[in-house]
Amino acid sequence: MMDLTFATCSEVGRAVRDRKVSAVEVTRHFLKRIGELDPKIGAFTTVNSRAEAQAADVDARLARGEAVGPLAGVPIAIKDLLCTKGLRTTASSKILANFIPPYSATVVRRLEEAGAICIGKTSLDEFGMGSSNENSAFGSVKNPWNPEYVPGGSSGGSAASVAARMALASIGTDTGGSIRQPSSFCGLFGIKPTYGRVSRYGIIAFASSLDQAGPMALSTEDAALILEVISGRCERDSTSADVSVPQFSQQISDQVKGLRIGLPKQYFAEKMDADVERVTRESIEALKKRGAILVDVELPLVKYAVPVYYLVATSEASSNLARYDGMRFGHRSKNATKGDLDDLYSSSRGEGFGPEVKRRIMLGTYALSSGYYDAYYQKASQVRRLIRDEFTRAFTQCDVILSPVCTSPAFKIGERINDPLAMYLNDIFTTSTNLAGLPGMSVPAGFSKEGLPIGVQLMAPHFEESRLFNVSSVLEKDLGAAKSRRPHVI
Amino acid sequence: MANSKTDPSSSASPRLDKSTVAKVAELSRLKLSDAELESIAQQLSMVLANFEQLAQVNTQGVEPMVTPTDLTLRLREDRVERREPAEAFLENAPDRSGNLFKVPPVVG
């Protein structure tokens, strides 16, 4: 029998469809791993008690000779920000601690239609707000590479679950780096697709003009396979794009000869960890050896990406999170003054939201409030356009842009929790792709002296995810970072 | 593009005092303790001080961008669909009365 723990999604999907292994056996294997490992990691908020029944259903369909999709029996962990019908969905918030969605997100529905098994829901920074997964109402998550370190965030549980092989892949969401940064910290291939590539229906909204869901996986091929399954127009999300979806996983080519790789000099001028710089340089060298052409590009305004991002994201969040009022669902306070509706709203929200969510609602409300709107929200939205225009210009000179994902590898739990500004500034390299709506990917590229993974970021023009997969597959082969070491827990 | 006249970082500007923060909390419908108001005032002042670097960018005549791709909204057929039963939604209600959401009295 195949070694399920170290198999890829496409291998397991094929083996299940060829009936070499049953979906139930695969599911039991990973549920057992979750039972053994997760008490030490804390990646899951809820394990799917129906996972085995869903797997039995996949086996039954195969036994009847029905066609089952490419992810037949593949256990996938879902960030607890995506609604799963009948399965508790919390956004890692007290305010939704008992919420059972009446419907599933389009992403979840498409994965299940392709035969995947939702093995469980993974922890995040509350509502996706954070970069360390320390802002979860259900406790912090440990990095499987070293439990003293954060797994990154906000999709920290999604990253940790795959790094510890408690699932073969996971779904994260990325509003300002929340797929790419934890992928970098945990040694995974994580892609934030082009805005509009993947439906946001059923994904609990943080910032609607920035949010995208995407895969976090153990190989380029797996990331490509999952992206092609979840992508495409959905009539329940009017911002999902009516653009054809390539067979990403079939089209991966490691021909990068002549491909122009843009190196934004403003990114490399930022203060960064020596190991991050070394690993980034090694990635550039590897591509050069394969005949890629290196081009310097100018992105002078990206130095403003963090303020622009935080003003836009918190403004949208303050509006999106207004729905949590304790009336039809979610936490309702028992301590409000009787008969005072405003006090009931304020008490329910004051009790239900954690400190970072409160800070961001406050910042967003302030940025949108009368007298400050022009200086903050509107100004940020104008600079946002200028940033997008800079990327459009840069992509006339190059095909793919390469940069670090973060200025450092994973940091220690507790190290930055009391300094929100330092935490925000950590997002310097990732936020601009969300502002511009571009696809961005984190690819495992090396390790720090302490043995923590470091990723490199690739960016492409709108809807050109295929280019990212091609470059990623070259780095996967030539650097070998994804295969050379394993986290200590496995 | 630096413009010293409109760069507030050059002037002393403690941006958020506690009363402003209390007002924003009220607008946000967030009941916050005194300690929370203090710490948010202090933290957001630091954040905004840093963010005021945006004033350095010349944005005269630039149209604000509110969504990153060139979307064209499409119309769809207006048809009735039966989706999830009402009961599935009501099960999440903090309080209910039969088939209705129960909320406190709002008129005196």
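Coordinate-derived values only; no laboratory data. What you see is a predicted model; the values in this text were computed from it and never measured. Backbone-built Cβ (ideal geometry, glycine too); neighbour counts: all protein chains shown.
Among A:Y149, A:Y366, which comes first, then next, by fewest other beta-carbon atoms within 10 Å? Let's see the in-between values first.
Values: A:Y149 21, A:Y366 27.
Fewest to most other Cβ atoms nearby, the residues stand as A:Y149, A:Y366.
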How far is it, in nm, from the label point at A:D374 to the one at A:R281 when both lie 7 Å from their Cα along the line to the Cβ? 4.9 nm
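Neighbouring Cβ atoms within 10 Å as the yardstick, rank A:V243, A:V256 fewest first.
Values: A:V243 15, A:V256 24.
Ranked by crowding around the Cβ, least crowded first: A:V243, A:V256.
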Could you list the residues of region B:23-62 with an amide nitrogen less than 18 Å from a label point located 7 Å from the Cα of A:T337 in the Cα-to-C-beta direction? B:23-34
For chain A, calculated [θ]222 nm from helices alone, where every DSSP H run of n ≥ 4 adds -39500 (n - 2.57): -11500 deg cm²/dmol
Quick check for you: which residues of region A:43-78 have the amide N under 16 Å from the point 7 Å beyond the Cα of A:I490 toward its beta carbon? A:43-44, A:74-78
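By counting other Cβ atoms within 10 Å of each Cβ, how are A:M216, A:M362, A:M423 ranked from fewest to most?
Values: A:M216 33, A:M362 26, A:M423 21.
Ascending number of Cβ neighbours within 10 Å: A:M423, A:M362, A:M216.
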Once label points are set 7 Å from the Cα along Cα→Cβ at both A:E52 and A:N418, what is their separation, rounded to one decimal in nm? 4.7 nm
Students often check this: by mean Cβ neighbours within 10 Å, which of A:374-383, A:233-242 ranks highest, and how do the rest follow? A:374-383, A:233-242
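Need one word for the protein assembly as shown: rounded, prolate or oblate. Basis is the Cα gyration tensor (sqrt eigenvalues a ≥ b ≥ c); a/c below 1.5 gives rounded, then a/b vs b/c decides.
Since a/c reaches 1.5 but b/c is at least a/b, the shape of the protein assembly as shown is classed as oblate.
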By the C-alpha gyration tensor axes a ≥ b ≥ c (rounded if a/c is under 1.5, else prolate when a/b exceeds b/c, else oblate), the shape of chain B is oblate
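What FRET efficiency do you get for A:R236 and A:R14 if R0 is 35 Å and r is their Cβ-Cβ distance, rounded to the nearest 0.05? Intermediate values should be presented prior to the final figure.
Details: r = 31 Å, r/R0 = 0.90.
It comes to 0.65.
Please give the FRET efficiency for B:T20 paired with B:A49, using the beta carbon to beta carbon distance and R0 = 22 Å, rounded to the nearest 0.05.
On the way: r = 14 Å, r/R0 = 0.66.
Using R0 = 22 Å, I get an efficiency of 0.90.
Averaged across the residues of B:53-63, what count of C-beta atoms belonging to other chains lies within 10 Å of each residue's C-beta?
Numbers: counts 4, 10, 2, 3, 12, 3, 9, 1, 1, 9, 3.
For this peptide, the per-residue mean of nearby foreign Cβ atoms is 5.
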Can you give the net charge of the other residues whose Cβ lies under 9 Å from the Cβ of A:L321, counting K and R as +1 and D and E as -1? +3
For region A:352-359, just list the computed ³J(HN,Hα) in residue order, Karplus coefficients 6.51, -1.76 and 1.60, θ = phi - 60°, integers in Hz, with x standing in for Gly and Pro. x, 8, x, x, 5, 5, 4, 4
Please give the helix B:18-27 orientation as an angle from the longest Cα principal axis of chain B, in degrees from 0 to 90, rounded to the nearest 10. 30 degrees
Peptide A:205-215, shielding by other chains (average Cβ, 10 Å cutoff): 1
Could you check what % of the DSSP bridge pairs in chain A are antiparallel, to the nearest 5? 65 percent
Taking θ as phi - 60°, what are the ³J(HN,Hα) couplings along region A:371-376 by the Karplus curve (6.51, -1.76, 1.60), each to the nearest whole Hz, with x for Gly and Pro? x, 10, 3, 5, 6, 10
Spelling it out for A:G172: with amide H atoms placed in the peptide plane at 1.01 Å from N, the residues 5 or more places away or on another chain with amide H under 5 Å from its amide H are A:G214, A:M216
Cβ-based net charge around A:T407, under 9 Å, with every Lys or Arg adding one and every Asp or Glu removing one: -1
Restricting to DSSP loop positions (anything but H, G, I, E, B) with no more than 15 other Cβ atoms inside 10 Å of their own Cβ, which trypsin sites (Lys or Arg not before Pro) remain in region B:34-108? B:R74, B:R76, B:R79, B:R82, B:R83, B:K102
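I'd like to compare A:335-348, A:171-184: which one has the highest average count of other Cβ atoms within 10 Å, and what's the full order after that?
On the way: A:335-348: 17.1, A:171-184: 32.9.
In descending order of packing, they fall as A:171-184, A:335-348.
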Peptide B:29-39 - average C-beta neighbours from other chains (10 Å radius): 5
Qualifying lysines (Cα of each under 21 Å from Cα of A:K379; at least 8 residues distant if same chain): A:K303, B:K5
Quick check on region A:12-122: take the gyration tensor over C-alpha atoms, sort the square-rooted eigenvalues as a ≥ b ≥ c, and tell me if it's rounded (a/c under 1.5), prolate or oblate. oblate
The lysines whose Cα lies under 27 Å from the Cα of A:K449, excluding any fewer than 8 residues away in the same chain, are A:K40, A:K142, A:K265, A:K271, A:K288, A:K289, A:K412, A:K477, A:K483
If packing is taken as the average count of other Cβ atoms within 10 Å, what order do A:103-113, B:49-59, B:34-44, A:288-298 fall into, highest mean first? A:103-113, B:49-59, B:34-44, A:288-298
